[in-house]
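Scroll down for the structure; my scribbles are underneath it.
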Amino acid sequence: MCVDYRQLPDYPYPHGLNDLVSVWKNITKDKDASNIAMAGSSAGAALIMAFIHRAKEENLVKPAVLFLGSPAADLSRDTDSVNVNEWVDNVLVSYDEYMGKIAKMYADGLDVKNIGISPYYGDFSDFPPSILATGTRDMLLSATIKTHRKLRSCGVDAQLHVFEAMSHCQYLASPDIPEGEELRKEIKYFFDRYF
């Protein structure tokens, strides 16, 4: 199932998150959450992370396992790769010219470090097992690595796969590249451990 949640430019935070929570509540009325995985990339991965924070706050059941592809988990400029990989990442390209503008629009006047906007800043205890992926040219490389380390420090089973010379989420734009095929296999192996 793919959730058609409300998005920018018309719908800033928390519209998309509220949509995901609503869909989740409906699905889990008659489906066992232990048989459900959530997968997302970029903003979708961050939305999943924000959803897990919300699920913990509202005592909702959580999915069994997560795939978080290059999550936009920290929309601040406070990470190394946002600066080092600026103009190297051929997808996100530049913080000031693209990513920062999107972050400001999504935050809609709120602090970008709000855990609903930049879920890295929340508590990762009791997160579902998670597999993460990024590339060495990804502006969100640092956010992905920091998320992985934080998951591990909270005792969460988490794997991180970093692909050489890959920009932001290129496994989606070019699904037939060897790295994309390898990543799909790794996700399957990881998910199979929980189903």
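Read-outs throughout are calculated quantities, based only on the coordinates presented, and are distinct from any laboratory measurement. Quick caveat: nothing in here was measured; it's all calculated off a predicted structure. Quick reminder, even Gly has a Cβ in these numbers, built from the backbone with ideal geometry, and neighbours come from all protein chains shown.
Could you line up I48, I36 from fewest to most neighbouring Cβ atoms inside 10 Å?
Result, fewest neighbours first: I36, I48.
T28 to D192: extension gain in nm, 0.36 nm per residue of separation minus the Cα-Cα distance?
Gain on stretching T28 to D192: 57.0 nm.
Could you please state, rounded to a whole Å, how far the C-alpha centre of the stretch 126-174 is from the C-alpha centre of the stretch 42-116?
12
Can you sort M38, M1, M49 by how many other beta carbons sit within 10 Å, fewest first?
The most exposed by this proxy come first: M1, M38, M49.
Most fluctuating residue of L110, L160, L92 in a GNM of the chain with Cα springs under 10 Å: which is it?
Among L110, L160, L92, the largest mean-square fluctuation in the Gaussian network model of the chain belongs to L110.
So how strong a dipole does the chain carry about its Cα centre when Lys and Arg Cβ are +1 and Asp and Glu Cβ are -1, to the nearest 20 debye? Intermediate values should be presented prior to the final figure.
Working: 20 positive and 27 negative charges, 102 e Å.
For this selection, approximately 480 debye.
Any chance you could run the full-extension gain for Y98 through E164? It's 0.36 nm times the residue separation minus the Cα-Cα distance, nm to one decimal.
Net length gain for the segment: 21.4 nm.
Between I117, V93, A173, whose Cα lies farthest towards the positive end of the dipole of the chain when Lys and Arg beta carbons carry +1 and Asp and Glu beta carbons carry -1, centred on the Cα centre?
After comparing all options, I get I117.
So what does the Cα-only Debye profile of the stretch 122-195 read at q = 0.13 Å⁻¹, as log10 I(q)/I(0), no solvent term?
Log-scaled intensity ratios, in q order: -0.40.
Are there any helices in the chain, counted as whole DSSP H runs, that stretch 20 Å or more along their axis by Cα and score at least 0.5 on average by Kyte-Doolittle, and if so which?
43-57
Mind pulling the per residue volume of the convex hull built on the Cα atoms of the stretch 15-192? Å³ is fine. Please report the intermediate quantities before stating the final value.
Numbers: hull volume 19.5 nm³, N = 178.
Roughly 110 Å³ of hull volume per residue.
Among 83-90, 60-67, 71-78, what's the highest-first ranking by average C-beta atoms within 10 angstrom per residue?
71-78, 60-67, 83-90
Let me confirm the definition first: pairs of Lys residues in the stretch 15-192, 8 or more apart or on different chains, C-alpha distance under 14 Å. How many are there?
5
Taking neighbour counts of Cβ atoms within 10 Å as a proxy for exposure, in what order, fewest first, do K188, K150 appear?
Working: K188 10, K150 19.
By the 10 Å Cβ count, ascending: K188, K150.
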